[in-house]
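Report on the following structure.
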Amino acid sequence: MANSSENNISAPLVKIIGRPGSAEAYTIRDFLHRCDIPYEWIECKSNEEAKKLAGVEGLFDRNLPVCLFPDGTRQENPNIKQIIEKLGWFRNPSRSEYDLAIYGAGPAGLSAAVYGASEGLKTILVEQYAIGGQTGSTSKIENYLGFPQGISGSELAKRAWEQADRFGAEIILARQGVRAEFTPAKGVGYLDDGTKIIARTSICATGVQYRRLGLPNENQFLGKGLYYGAGASEAAYTKGKHVFIVGGGNSAGQASMHFAPYADRVIIVIRNKSLKETLSQYLVERIHNTKNIEVLTETEVTALHGNEFLEEITVMDRKTGEERKEKTHSVFVCIGGEPHTQWAVEVGIIRDEAGYLVTGPDLLQQGKPPEKWPLDRTPYYLETNIPGVFAAGDVRHNSIKRCASAAGEGAMSVAFVHRYLSEG
């Protein structure tokens, strides 16, 4: 079976050869899709087929999946960093110090990179995985200003990446910030490969990660039938199947519409009484008018079953407590998020009870800034309790979880960066 990336109809830049249900192959497909890189997935179902196409001894060989590039290069069971290097995207910081360091390349981080670099700030952007964040996995965004026909999350992210790069922002992929130190007028971020980034100001735009189901054998099926996110790269591989989407937000709603033309049946599982409580009205109407989409209200997934791959799930009616099993090989989970802010505890940045970064007026108590705030002024609107360290987008306390608002906060945060730097 061979399928090309739907986002880009040009010749595939990468051919991926692997076995059905491979978590490693899914990770590669997901990354390439988010980066809007055309690819072809070739599924091997026999040892002879694998040997012929990939040059390995058998279907379950440790070298699978194999990535083939147009110049003849072959990568066996590569990680994302190796693929990035082959694509020519891997780079190290070129400067010893920057004006602005941004962590996270979702809409907020990419927007901050565009505005920071275009306004003359020496800007670096660090992303641990692929550009776009959760937005990058969204099949179609239809309520973003200026795109009346809608735009895929991956295409929007790629355009923003190209825009930031054109203005001179440095973008570092496949590396994650693991520790930070902040002193007056300087922040130091340490990446997981030992790279050190020094900057006069910092913006945290690390967003959120999808919350897990919390079931005992969850890790067993990750990438093998159980996926976190909207799974836009997987639609073409669900032909004739029953697909379950857990969650009732806009990303889940868009995912259901994306899968509907391919899957035989799409089932949305929500804990609430109605999609109207959490979903934009235009999506509610489209889902209602799509014959092969079914909504299970006041229901939750309580168990996962299978041997090597996911084979069925147990769902429970929350009203009656009744449980039943459903056959499926594809469950996509979009049930809200948990912020990437564990690092903030060590450096003393204030978080709320859910882990989101508290900024600006929300830091004030009886009109006064938080304890140990060193400046005469109060924190700027997007500034944390450490001067010169800002937060933007979904990672911020009380933010509006929308792509447009995240991009707006990214731009706004740069305005406050300028104010901070002008203070000397």
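The values are calculated or read from the model by the stated rules, or taken from the named source; none is laboratory data. Remember, it's a predicted structure, so these values are computed and weren't measured experimentally. Please note: Cβ atoms are built from the backbone with ideal geometry, for glycine as well, and neighbour counts cover all protein chains shown.
For this structure, a couple of remarks:
- Applying a threshold of 8 Å to beta carbon distances and a minimum spacing of six or more residues, or different chains, the list of pairs starting in region 158-177 at a residue that is touching a residue at least 12 places away in the same chain (Cβ under 8 Å) and ending at one that is surrounded by fewer than 17 Cβ atoms within 10 Å (Cβ to Cβ) and of a type in the set (A, V, I, L, M) is empty.
- Selection of first residues in region 383-398 that are assigned by TED's automatic domain parsing to the domain that holds Asp362 and of second residues that are crowded, with 24+ Cβ neighbours inside 10 Å and aromatic (Phe, Trp, Tyr), restricted to Cβ pairs under 6 Å at least 6 apart or on distinct chains, gives the following pairs, ordered by first then second residue: Glu383/Phe390.
- Residues in region 353-371 that are closer than 15 Å to Gly393 by Cβ and assigned to a helix (DSSP H, G or I): Gly360 alone.
- Test: Thr290 is over 20 Å from Cys403 (Cβ atoms), β-branched (Val, Ile, Thr), outside the structural domain of Asp362 (by TED's automatic domain parsing) and outside any loop (DSSP other than H, G, I, E, B): no
- Take the conditions (1) free of Cβ contacts under 8 Å to residues at least 60 places away in the same chain; (2) over 21 Å from Tyr210 (Cβ atoms); Glu346 misses just one of them, which is (1).
- Residue-level analysis places Ser154 outside the set of residues that are touching a helix residue (DSSP H, G or I) at 6+ places or on another chain (Cβ under 7 Å), closer than 30 Å to Leu279 by Cβ and assigned to a loop (DSSP other than H, G, I, E, B).
For (1) surrounded by 14 or more Cβ atoms within 10 Å (Cβ to Cβ); (2) assigned to a strand (DSSP E or B); (3) modelled with pLDDT of 90 or more, each residue gets a yes or a no:
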{"residue": "Leu145", "(1), (2), (3)": "no, no, yes"}
{"residue": "Glu181", "(1), (2), (3)": "no, yes, yes"}
{"residue": "Leu215", "(1), (2), (3)": "yes, no, yes"}
{"residue": "Lys224", "(1), (2), (3)": "yes, no, yes"}
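- With respect to the conditions (1) over 17 Å from Gln254 (Cα atoms); (2) in contact with a strand residue (DSSP E or B) (Cβ under 9 Å, 6 or more places away or on another chain), Cys334 lacks only one, and its number is (1).
- Counting the residues of region 372-394 that are in a loop (DSSP other than H, G, I, E, B) and of a type in the set (D, E, K, R) gives 3.
- Annotation note: Cβ proximity below 7 Å between a residue of region 91-108 that is farther than 19 Å from Trp343 by Cβ and a residue that is aliphatic (A, V, I, L, M) and part of a helix (DSSP H, G or I) (sequence gap 6+ or interchain) occurs for Asp99/Leu421; Pro107/Ala406; Pro107/Ala407.
- Single condition Val243 does not satisfy, out of (1) modelled with pLDDT of 95 or more; (2) surrounded by fewer than 19 Cβ atoms within 10 Å (Cβ to Cβ); (3) touching a Ser or Thr at 6+ places or on another chain (Cβ under 7 Å): (2)
- Candidates Val345, Val295, Val301, Val284 - the one that is outside any loop (DSSP other than H, G, I, E, B) and assigned by TED's automatic domain parsing to the domain that holds Gly106: Val345
- Residue, farthest from the chain's Cα centre (by Cα), within region 362-393, restricted to residues that are within 16 Å of Arg200 (Cα to Cα) and of a type in the set (Gly, Ala, Ser): Gly388
- Within region 395-405, tally of residues that are under 20 Å from Trp343 (Cβ atoms) and part of a helix (DSSP H, G or I): 1
- Here Ile151 clears all of (1) without any contact (Cβ under 8 Å) to a residue 12 or more places away in the chain; (2) crowded, with 24+ Cβ neighbours inside 10 Å; (3) of a type in the set (A, V, I, L, M, F, W, C) except the condition numbered (2).
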